[in-house]
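Worksheet: one structure, shown below.
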Amino acid sequence: MPTTSNPFHYGTPAEGEFFTGRRGELDALMSRMRNGVNVVVLSPRRYGKTSLIRAAEARLARGRPQAAIIDVNVLRATSLSGLVGLLTHRAFHLPGTRWHRARQAVPEFLRRIRINPAVSFDPNGNPRFGFDTAIS
C-alpha cells in the first residue's frame with residue numbers, strides 16, 4: 001500500500017510552500033502596511049492570521065529592508081502600560097543595529113506616553129489612587 005505525505009500543514013504558522021491561496025488578502029494587507037494604515041486581523045482561532053501577517057512581513061522585508069515592523073500579541077498586555085512595554089521591547093529588537101535604532105526610536109516613543117494621576121471615590125467616600133495612561 002503506497003503512502004503519501006500529508007499536503008496540509010498544521011500546528012505552527014504556514015510558511016513557504018505551505019502558505020498558499022490567500023493572494024487577495026496578502027495584497028490588501030501589504031498595501032495597508034506599505035501606506036502606514038493600521039490593520040486589525042480578526043478571525044477564529046487557527047484560520048491563519050499569523051501565517052498571513054508573517055507572509056506580508058517577509059515580503060515587505062525582502063522589498064524594503066528598511067521597513068520597521070513591530071508585531072505584538074495584545075492579549076499578553078494586561079494594561080496600557082504593559083502594551084507600551086511590549087511595543088518598546090519589540091522596537092528595541094528590530095533588525096539592524098539595536099543601539100542606533102534605540103537611540104532614535106525609543107526616546108521619541110517614550111516622549112509620547114502621558115501618565116496622569118487619577119483619584120476616584122468608592123461609595124463609602126474612600127479615595128482610590130491610580131494613574132491614567134495615554135499615548136499622544
**OP:** Consider a paramagnetic label point 7 Å from the Cα of ILE135 along Cα→Cβ; state which residues of region 38-58 have an amide N under 14 Å from it.
**Re:** 38-40
Original post:
Roughly how big is the chain's charge dipole about its Cα centre, with Cβ charges of +1 (Lys, Arg) and -1 (Asp, Glu), in debye to the nearest 20?
Top reply: 320 debye
Original post:
Taking the Cα centre of the chain as the origin and placing charges on Cβ (Lys, Arg +1; Asp, Glu -1), which of GLN104, VAL39, GLY21 is farthest toward the positive end of the dipole?
Top reply: GLN104
Original post:
Going by alpha carbons, how many degrees (0 to 90, nearest 10) lie between the helix axis of 98-111 and the longest principal axis of the chain?
Top reply: 50 degrees
Original post:
Relative to the first principal axis of the alpha-carbon coordinates of the chain, what is the inclination of helix 23-34, with its axis defined by its Cα atoms, in degrees from 0 to 90 and to the nearest 10?
Top reply: 40 degrees
Subject >> Solvent accessible area, Å² - ARG34, 1.4 Å probe, full protein context >> reply: 120 Å²
Original post:
What is the helix-to-structure angle for 49-63, meaning the angle in degrees between its Cα long axis and the longest Cα principal axis of the chain, kept from 0 to 90 and rounded to the nearest 10?
Top reply: 80 degrees
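The values are calculated or read from the model by the stated rules, or taken from the named source; none is laboratory data. Only a predicted model underlies this, so the values are computations on that prediction, with no experimental measurement involved. Please note: Cβ atoms are built from the backbone with ideal geometry, for glycine as well, and neighbour counts cover all protein chains shown. What goes into the accessible areas is simple: the full protein's heavy atoms, side chains included, and nothing from ligands, DNA or RNA. Shrake-Rupley method; radii C 1.70, N 1.55, O 1.52, S 1.80 Å.
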